[in-house]
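Step one of this worksheet: look at the structure below.
The values are calculated or read from the model by the stated rules, or taken from the named source; none is laboratory data. Values in this document were obtained by computation on a predicted structure and should not be read as measured data. Because the Cβ atoms are built from the backbone with ideal geometry, glycine has one as well, and the counts that use them run over all protein chains shown.
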Amino acid sequence: MNVIEADGLVKRYGSTWALRECSLAIPAGHVTALVGPNGSGKTTLLSLAAGLAAPSAGAVTVLGGRTPGSPIALDGIAFVAQDTPLYKNLSVVDMLHLTSNLNRRFDKASAQARLTELGIPLKRKAGKLSGGQQAQLALTLALARRPRLLLLDEPMAMLDPLARHDFMATVMAAMADDGVSVVLSSHVLAELERVADYLVLLSQGRVQVAGEVEDLLARHRLLTGPAAEAERYSERLSVVHASRGGSQAHLLVRQNATDGPLPPGWESHPVGLEEFTLAYLREPDAAAPPGPGRGPDAELSEVTT
Amino acid sequence: MTTLAALPAPVHLEDASLQPLPWRRMAWVTWRQHRVALVGLAVLLGSAAVYLWLQGRQIHHAYGTAVGCHAATSGACVNAINYFTSTYNLTARKIPALLIQTVPALIGAFLGPPVLARELENGTFRYAWTQGFGRWRWTLAKLVFLAFLAATAAELFSLLWSWYYQPFIADGQTNPLAAFIFNLRGVTFAFWTLVAFAIGGFAGLLIHRVVPALVATLATYAGLALVVGVFLRQHYLTPLIARQQNLLASSAWVTGNWATKGGRTVFSFTGAPTNNMLGLFCPSGVTVKPSSGLVGGFAQCLSQHGYTLWASYQPASRFWPFQWIESGWLLALSALLIAATVWLVRRRVG
């Protein structure tokens, strides 16, 4: 089952294109990181999946073919929007009661226990909580609905490192306990590296890279060697991004079976998610090659330029 | 890592078994989110009601004494009625009516726009409309609950007002169809409140911000009330025609006058005759009787010159038919506005 599937998805706001011909398929059972520069369409994609907005063209389905915003999609998807909107004048208890009234399932006991554990006073107004506490409250409300898919839009933007860590710990615990699929957009690459096992990189309203993190990283290497030789050597390789630091050059390259041995003076390192993402963010025109074993969805995830 | 084992049942089976959440779930939600406005409404109407009750008892007492006067045609008794009428004219009869004219607009403007505009303004629609209840059902439930509460409160208040105002109708000084009083008595008050609320809800959705939507609601309501009172209401039923002399000022809403001589219309006017006309036909002045007013006196002068003054009018006995006509179309307009609001929300504003 694909938790989100988009086919030629277009969203325009007036003359602004938020998504252009965006096609992707995010399989269930992953924590998917949705990354991309500002204005690349992350929030728009999540809004469309949550059923808050309608596509201008193309189609998007959720939870294996359901229309976003349909009763069953609303029932199975919990969305925590950017800046975690809560009713500021309602107390935490009221927010719990409100959410339980608005949903078919709501595990109030576990939500209350979770908030108590986090030291969030139940009587306090939501608007008087700290940024981290508000984010935790919004997340707790979302998880208590026992969703099959959790959508998080920039959930960590306003959090300090400790709160970020706690927030992601909660997400991961829910993932482990309930098998909820998670799609989160974020700028905090370091945090994503710890949790994400699926990556969707958006650029200018299109999917630039999509795939399982392990798989994507395995097909890239970071080569370090003398800067003077970098250009000549690059010609033989599929370079995503090249950078220089003093006399050293760093090349993030796609790994091919046909690549020869490293020239002397060059070293090869595995790539981390953060480096990988940064390299592709810096090169909006670069596309990741479709690798083996990416399943039937691979075609959808490819970029057509 | 895979959850393919937890594959859902075939789509159509699962969808069919998903009953919508019961409407009553929204009762607490609506109350909790709008209780400040609802309590404010209760305080406003409650304190006005206390005032009307206290003042009304005095008025009823004074009126009872005046009409209880024995030998009703005696000078003393006529004076007693006149004294009643003049004592309570401005502060009890006119000013409260004027203030209460604003009540439907205020209820509508403070209760209606926040329903959607506050959510859109604060971004909380992204919370509310992604919950299991569903966006259009959420909108419909809120609007209907609040509309019902507002209209019910308004109707209760209007009943009290009808009682309060009764002596002023009974003393024959006010036509119950008069523009400044017609919509405060009977049932239309509740429906004017309803339409003000529906305008507010719709404005909130269109404008996305509470304060501008509130202002727009007040302006729209005022415009509508003015147009209806001045132009529309008199056309609800075909007016009757009678000789002006035979009309009682208090029982007919005169919508036009015209004078004839020899079977031909000579001139016509609405409202009061101009000073020109009075000077021309009544050089020695007009006798204004309480029963027929200035126009009645003018009709007498005219008849001395061989003219007949006619009037098209709505009789006071049409109060209830007019009430039902006005309530009917106000209800239809409110339903239309609420339906349009829900439809627009369903179509997605994002």
- request: Please find, within the stretch B:93-116, the residue that is farthest from the other protein chains (Cβ to nearest Cβ) out of those that are in contact with a helix residue (DSSP H, G or I) (Cβ under 6 Å, 6 or more places away or on another chain), aliphatic (A, V, I, L, M) and surrounded by 21 or more Cβ atoms within 10 Å (Cβ to Cβ).
  value: B:105
task: Taking residue A:272 as the residue in question, decide whether it is surrounded by 14 or more Cβ atoms within 10 Å (Cβ to Cβ) and within 25 Å of residue A:183 (Cα to Cα).
output: yes
- request: Give the number of residues within the stretch B:117-129 that are over 13 Å from residue B:345 (Cα atoms) and facing another protein chain (nearest Cβ under 7 Å).
  value: 4
message: Can you list residue pairs whose Cβ atoms sit under 6 Å apart, with the first residue in the stretch A:11-31 being more than 14 Å from chain B (Cβ to nearest Cβ) and the second being among the basic types (Lys, Arg) and surrounded by 22 or more Cβ atoms within 10 Å (Cβ to Cβ)? Count only pairs 6 or more apart in sequence or on different chains.
response: A:20/A:206; A:22/A:206
- prompt: Residues in the stretch A:107-127: is at least one part of a loop (DSSP other than H, G, I, E, B) and acidic (Asp, Glu)?
  reply: yes
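Mind checking which residues of the stretch B:18-36 are closer than 21 Å to residue A:93 by Cβ and surrounded by 13 or more Cβ atoms within 10 Å (Cβ to Cβ)?
Correct list: B:21, B:25, B:26, B:27, B:28, B:29, B:30, B:31, B:32, B:33, B:34.
Evaluate the following for residue A:192: is it buried (at least 21 other Cβ atoms within 10 Å of the Cβ), more than 27 Å from residue A:22 (Cβ to Cβ) and at pLDDT below 95?
no
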task: Would you tally the residues in the stretch B:65-96 being part of a helix (DSSP H, G or I) and under 27 Å from residue B:158 (Cβ atoms)?
output: 16
query: Counting residues that are over 27 Å from residue B:90 (Cα atoms), which helices (runs of 4 or more DSSP H) fully inside the stretch B:172-290 reach at least 3?
result: B:188-207, B:210-227, B:275-281
task: Return the only residue of B:331, B:337, B:294 being surrounded by fewer than 19 Cβ atoms within 10 Å (Cβ to Cβ), among the aliphatic types (A, V, I, L, M) and modelled with pLDDT of 90 or more.
output: B:331
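Conditions (1) in contact with an Asp or Glu (Cβ under 9 Å, 6 or more places away or on another chain); (2) assigned to a strand (DSSP E or B); (3) among the basic types (Lys, Arg), marked per residue:
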residue	(1), (2), (3)
A:4	no, yes, no
A:11	no, yes, yes
A:20	no, yes, yes
A:40	no, no, no
message: Can you say whether residue B:254 is aliphatic (A, V, I, L, M), free of Cβ contacts under 8 Å to residues at least 60 places away in the same chain, under 24 Å from residue B:181 (Cβ atoms) and touching a strand residue (DSSP E or B) at 6+ places or on another chain (Cβ under 6 Å), as far as the supplied structure shows?
response: yes
Residue list for the stretch B:130-146, restricted to those being out of contact with any Ser or Thr (no Cβ under 8 Å at 6 or more places or on another chain), touching a residue at least 12 places away in the same chain (Cβ under 8 Å) and within 13 Å of another protein chain (Cβ to nearest Cβ): B:132, B:133, B:134, B:135, B:136, B:137, B:138
query: For residue B:298, are the conditions met, namely being touching a Cys at 6+ places or on another chain (Cβ under 7 Å), aromatic (Phe, Trp, Tyr) and either closer than 21 Å to residue B:177 by Cα or in a helix (DSSP H, G or I) (or both)?
result: yes
- request: Would you mind telling me which numbered condition in (1) within 14 Å of chain A (Cβ to nearest Cβ); (2) within 27 Å of the chain's Cα centre (by Cα) residue B:58 fails?
  value: (1)
query: Which ones in the stretch A:215-264 are charged (D, E, K, R), in contact with a Lys or Arg (Cβ under 7 Å, 6 or more places away or on another chain) and in a loop (DSSP other than H, G, I, E, B)?
result: A:219
- request: Identify the residue in the stretch A:70-85 that is buried (at least 19 other Cβ atoms within 10 Å of the Cβ), more than 7 Å from chain B (Cβ to nearest Cβ) and outside any strand (DSSP E or B) and, among all such residues, is nearest to the chain's Cα centre (by Cα).
  value: A:84
message: Going by what's in this entry, would residue B:62 be described as surrounded by 11 or more Cβ atoms within 10 Å (Cβ to Cβ), modelled with pLDDT under 95 and in a helix (DSSP H, G or I)?
response: yes
